[in-house]
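Peer 1: A single structure is presented below for examination.
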Amino acid sequence: MSQINIRNLSNENDDGSPEIVGVSTFSATSFFLPPKGSTAERPSDCEPGSIRFNTDTSNLEYFRGKTLGWSQFELVTPNLGGGTGSNTGLGVRGLFAGGLSPSLSDVIDFLTISTLGDTQDFGDISAGKQSMSAVGSRTRALNIGGYTTSHENEIEFVTFASQGNITDFGNLLSNKNRTASCSDQVRGITGGGNPNTNVIEYLTIAQTGNGVDFGDLTVARQSAGSFSSSTRGIFAGGYIEPTYSDTIDFITISSTGNATDFGDLTSIRMYMGSSSNSTRGVMGGGNGASRTNTIEFITIATTGDATNFGDLTSARTDLAGASSPTRAVFVSGDTPTLVNTIDFVEILTTGDAVDFGDQTTKRDRPSGCSNGHGGL
């Protein structure tokens, strides 16, 4: 192993630093200063492994290659535990809230995605509610909108690491349910919804407050699937009155502006369960011409049409999704009978889903998120 221990290094003209080739170790007692810039200033043609400081996210990031782009360094572990069954051991935590069971439910369930087994009770949302969406950071889960006896504009939050009831966060710009939501570690994004709208809003997860206008989807719709990488948010499918949609849109989470066309699903549908890791998004189930068991995927950093992944254990709609960096779970739904089924797949493979366990109650239309990677 080679090592260089020096205080200053410059070329012979003192107008810059020379190239250093073959250095395997760098050590210093003070600091190392990488290049810095905004998200918009990211270079797109550099060596994989290049490191920079992103001044928009206040985080180090590294270049994974032209297809995968830039990713943030993970500075906080998402691993939680502290239970039995599906929560024995440590891992990424998934939360699932509310729904129809068959009356309106206020229950929040949780599980550890790296395990297998049944969910456990986490706490309660403020009232029985259905058709919400949710986003998560490493520390917080936000439950967004929904329907009780009318459309709701409430945003509420819990802390992943501590079980308990939900707390008020703020309000959306308007009352709506069936929004589609995704996040990075800083922002939660929610778009579309019922009544049919194309509005996208953003929330700063670590704070509390109301939604702020972000831009518009390519078309007004509700009941889309949504997920994200650390940089890009995806909105897929949904219902565009009077028919279903196969449209996939994308946005850059740290910016503002209108969504851009990404490609199309393999078929028209809404009410999917959707989740992702930093590379790939997966969408399962839903309703188009009829209930489906189809799972499909996209590579988030590219654009193009979705590809078949495999099948759920049963055809169902109105389900929720959550993920760790390696595994996606699909929770509940109706077949049309209400079910408490939990399926899972390994995100970077393809193939059919496998039984994970059961939720505490049979239900459909819950919200779902995790503290897994910066997106749900």
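The values are calculated or read from the model by the stated rules, or taken from the named source; none is laboratory data. Fair warning: this is a prediction, and the values are worked out from it, not measured in the lab. Methodologically, a virtual Cβ is constructed for each residue, glycine included, from the backbone with ideal geometry; neighbour enumeration extends over all protein chains shown. For accessibility, only protein heavy atoms count, side chains too; no ligands or nucleic acids. Shrake-Rupley method; radii C 1.70, N 1.55, O 1.52, S 1.80 Å.
Peer 1: Pull up the range 86-113, narrow it to residues that are open to solvent by 20 Å² or more (accessible area, probe 1.4 Å) and not hydroxyl-bearing (Ser, Thr, Tyr), then point me to the one that is farthest from the chain's Cα centre (by Cα).
Peer 2: So the residue we want is 102.
Every residue, every condition in (1) open to solvent by less than 40 Å² (accessible area, probe 1.4 Å); (2) free of Cβ contacts under 8 Å to residues at least 12 places away in the same chain; (3) over 19 Å from residue 132 (Cα atoms); (4) part of a loop (DSSP other than H, G, I, E, B), yes or no:
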residue	(1), (2), (3), (4)
298	yes, no, yes, no
301	no, no, yes, yes
309	yes, no, yes, no
325	no, no, yes, yes
336	no, no, yes, yes
339	yes, no, no, no
343	yes, no, yes, no
356	yes, no, yes, no
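Peer 1: Moving on. Within the range 252-264, is there a residue that is within 20 Å of residue 328 (Cβ to Cβ), surrounded by fewer than 24 Cβ atoms within 10 Å (Cβ to Cβ) and of a type in the set (Ser, Thr, Tyr)?
Peer 2: no
Peer 1: Somewhere in the range 174-181, is a residue within 24 Å of residue 296 (Cβ to Cβ) and over 18 Å from the mean Cα position of the chain (by Cα)?
Peer 2: So far as the range 174-181 goes, no, none of its residues is within 24 Å of residue 296 (Cβ to Cβ) and over 18 Å from the mean Cα position of the chain (by Cα).
Yes or no, residue by residue, for (1) under 21 Å from residue 191 (Cβ atoms); (2) not β-branched (Val, Ile, Thr):
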site	(1), (2)
123	no, yes
134	yes, yes
138	no, yes
142	yes, yes
145	yes, yes
149	no, no
154	yes, yes
158	no, no
174	yes, yes
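Peer 1: Checking the condition modelled with pLDDT under 95, among the aliphatic types (A, V, I, L, M) and touching a strand residue (DSSP E or B) at 6+ places or on another chain (Cβ under 6 Å), which residue from 90, 80, 95, 100 passes?
Peer 2: 80 is the lone residue from the list that is modelled with pLDDT under 95, among the aliphatic types (A, V, I, L, M) and touching a strand residue (DSSP E or B) at 6+ places or on another chain (Cβ under 6 Å).
Peer 1: Any idea which residue in the range 19-43 is farthest from the chain's Cα centre (by Cα), counting only those that are within 14 Å of residue 231 (Cα to Cα) and modelled with pLDDT of 85 or more?
Peer 2: Among them, the one singled out is 41.
Peer 1: Within the range 126-153, how many residues are among the aliphatic types (A, V, I, L, M) and either part of a loop (DSSP other than H, G, I, E, B) or at pLDDT below 95 (or both)?
Peer 2: The number of residues fulfilling the criteria is 2.
Peer 1: Just for the range 137-150: of the residues that are more than 15 Å from the chain's Cα centre (by Cα) and within 15 Å of residue 180 (Cα to Cα), which one is most open to solvent (accessible area, probe 1.4 Å)?
Peer 2: 147
Peer 1: Please count how many residues of the range 277-296 are in contact with a strand residue (DSSP E or B) (Cβ under 6 Å, 6 or more places away or on another chain), in a loop (DSSP other than H, G, I, E, B) and open to solvent by 30 Å² or more (accessible area, probe 1.4 Å).
Peer 2: 2
Peer 1: Considering only strands (runs of 3 or more DSSP E) fully contained in the range 154-214, which possess at least 1 residues that are among the charged types (D, E, K, R) and touching a strand residue (DSSP E or B) at 6+ places or on another chain (Cβ under 8 Å)?
Peer 2: Those strands (runs of 3 or more DSSP E) span 154-159, 167-171, 187-191, 197-204.
Peer 1: Which pairs do you get when a residue that is of a type in the set (A, V, I, L, M), found in the range 183-194, comes within reach of a residue that is surrounded by fewer than 22 Cβ atoms within 10 Å (Cβ to Cβ), reach meaning Cβ atoms under 7 angstrom, with the pair 6+ apart or on two chains?
Peer 2: Correct list of pairs: 186/57; 186/204.
Peer 1: Suppose we filter the range 358-372 for residues that are of a type in the set (Gly, Ala, Ser) and either farther than 15 Å from residue 321 by Cβ or open to solvent by 10 Å² or more (accessible area, probe 1.4 Å) (or both); how many remain?
Peer 2: 1
Peer 1: Residue under question is residue 186, and the condition is that it be at pLDDT below 95 and over 30 Å from residue 291 (Cβ atoms); does it hold?
Peer 2: yes
Peer 1: Give the range 114-125 a look and list any residue that's of a type outside the set (D, E, K, R), in a loop (DSSP other than H, G, I, E, B) and either at pLDDT below 95 or surrounded by fewer than 17 Cβ atoms within 10 Å (Cβ to Cβ) (or both), or say none.
Peer 2: Selection gives 114, 115, 116, 117, 119.
Peer 1: Sticking with this structure for a sec: Given the residues 274, 267, 230, which is the only one that is over 19 Å from the mean Cα position of the chain (by Cα) and either part of a strand (DSSP E or B) or over 22 Å from residue 132 (Cβ atoms) (or both)?
Peer 2: Only one candidate qualifies: 267.
Peer 1: Here's a follow-up. Give the residues of the range 28-62 that are open to solvent by 70 Å² or more (accessible area, probe 1.4 Å), at negative phi and out of contact with any strand residue (DSSP E or B) (no Cβ under 8 Å at 6 or more places or on another chain), sorted by residue number.
Peer 2: 29, 30, 31, 32, 33, 40, 41, 44, 45, 56
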